[in-house]
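Engineer: Below are the structure tokens for one structure; questions will follow.
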């Protein structure tokens, strides 16, 4: 049984005094080219530029190594965005594919990048080994319709390890015998066993699986030419394969289509989980399973609304939040807006959302050609309590735990032991006393267990993210995992 190094009572009270008097704010440099100060967010949240000059940025996928892949629709390119110093601002944008046919969808699996063109899915093997000279793509499946109308695709791997690929309706409203149209399809990673998972889906450009139930939820864009206020866009819930979600017969919960509404018995049509705004162009959606936002956002749904194109008074151009309770959608509210101005002008159009390992949310914008990052600044307001001696054997394993670093004080190397209760993505953030993040130790996905030996514990060499040695003083370190955050102090003496 090993007892961790502890400080004197006087040092602990000094530490407590400092901790209670600090407000930790992570500062980012904004781009002057986009007026992000116009974006309105709830109190405690802020938005910054993660990457700019990303022409026509659409769907996003993140590799375990932190490479952000971004598809496009009109630009015909796929990008790899690198954050080499892990400061949550892009350092480089690399074009890894050009001259593709609407490569909107991107997904990442086992070192390979999947890209969805109009009528086929490609795979770039071991893409991160050759970002500047990517391999020739492998055609995974080319059995999809080539219609350009709603033909661009959002793709993701589901919890069943299958790749989900939607096929939009080739029209505003129509009826087709080919069951692939207006559907969500899925297939094995090698392109085999292609099948329809959901029918009656006009045009989904975003879906996700509930973190607990693993059931599919998706957005759907309603038809046009019925007026400004009908039909609504939809958020739908597909707990199993084979369900029909209404198109082209029924829109929203009860709007019969004037041309096709009487052509089908509507008893077996699944109504939306909740109706969204009319013509808001609801695209990307994500369940919030991160560790940064307050608990009330846990497992709730964020939606990127691209914005209307033919409504008399424009609507959308925002990020909305759908709250769930007992597995059912109970409310629909605005979370972030300001891309659409009161005079009807716009400077951005949100497309896709992605939850980062630290719990922040990335937002792609194909009009502003940028990726934004939304953070919760209240997370950095840390209140620390006086610590007590902890023995590894005394841990009751009720939750993940951060232990005292050793040696402490240190110069220049130290190890940070920790315990993970449940399999989780984890990071250790290191702060100066003024609240500035000086480095991040990305731990990756950790299995349950103790990480307490020099071989297993997190290692820090007293350098900042740029590799420069830091000066002597008090530093704080925080374990971030799916079970919350814990903070301790350490002292660097030179």
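Each reported figure results from applying straightforward, stated rules to the coordinates on display, with no laboratory input. All values reported here derive from a predicted model rather than from experimental measurement. Glycine gets a Cβ as well: all are built from the backbone with ideal geometry, and neighbour counts include every protein chain shown.
Engineer: How many angstrom lie between the C-alpha centres of segment 456-493 and segment 69-102?
Structural biologist: Segment 456-493 and segment 69-102 have Cα centres spaced 31 Å from each other.
Engineer: In what order do 347, 309, 152 fall by count of nearby beta-carbon atoms within 10 Å, going from fewest to most?
Structural biologist: With the sparsest Cβ surroundings first, the list reads 309, 347, 152.
Engineer: Also, I was wondering about something else. Ratio of segment 55-145's C-alpha Rg to 2.2 N^0.38 Å, to two decimals?
Structural biologist: 1.01
Engineer: Compute the Rg to Rh ratio over segment 438-482 from the alpha carbon atoms, using the Kirkwood formula for Rh, and round to two decimal places.
Structural biologist: Expressed as Rg/Rh, it is 0.99.
Engineer: Now for a different question. I need two numbers for segment 303-376: Rg to one decimal and Dmax as a whole number, Cα atoms only, in Å.
Structural biologist: For segment 303-376, the Cα-based Rg and Dmax read 13.4, 40 Å.
Engineer: Can I ask one more? Just the Cα atoms of segment 166-246, one point each, no solvent: what log10 I(q)/I(0) does Debye give at q = 0.15, 0.20, 0.26, 0.27 Å⁻¹?
Structural biologist: -0.56, -0.93, -1.34, -1.39
Engineer: Taking other Cβ within 10 Å of each residue's Cβ, how do 320, 377, 67, 72 sort, fewest first?
Structural biologist: Fewest to most other Cβ atoms nearby, the residues stand as 377, 67, 320, 72.
Engineer: Test of understanding: ordering 481, 308, 472 by Cβ neighbours within 10 Å, fewest first, what list do you get?
Structural biologist: Fewest-to-most Cβ neighbours within 10 Å comes out as 472, 308, 481.
Engineer: Let me ask something else. Show me, bin by bin at 10 Å from 0, the whole-percent P(r) of the chain based on Cα pairs.
Structural biologist: Calculated over all Cα pairs of the chain, the distribution is 4, 19, 27, 24, 15, 8, 3, 0, 0 percent.
Engineer: Right, here's the next one. Once the Cα atoms of helix 9-20 and of the chain are each reduced to a long axis, what angle between those two axes, in degrees from 0 to 90 to the nearest 10, is obtained?
Structural biologist: Taking Cα atoms only, the helix is inclined about 30 degrees.
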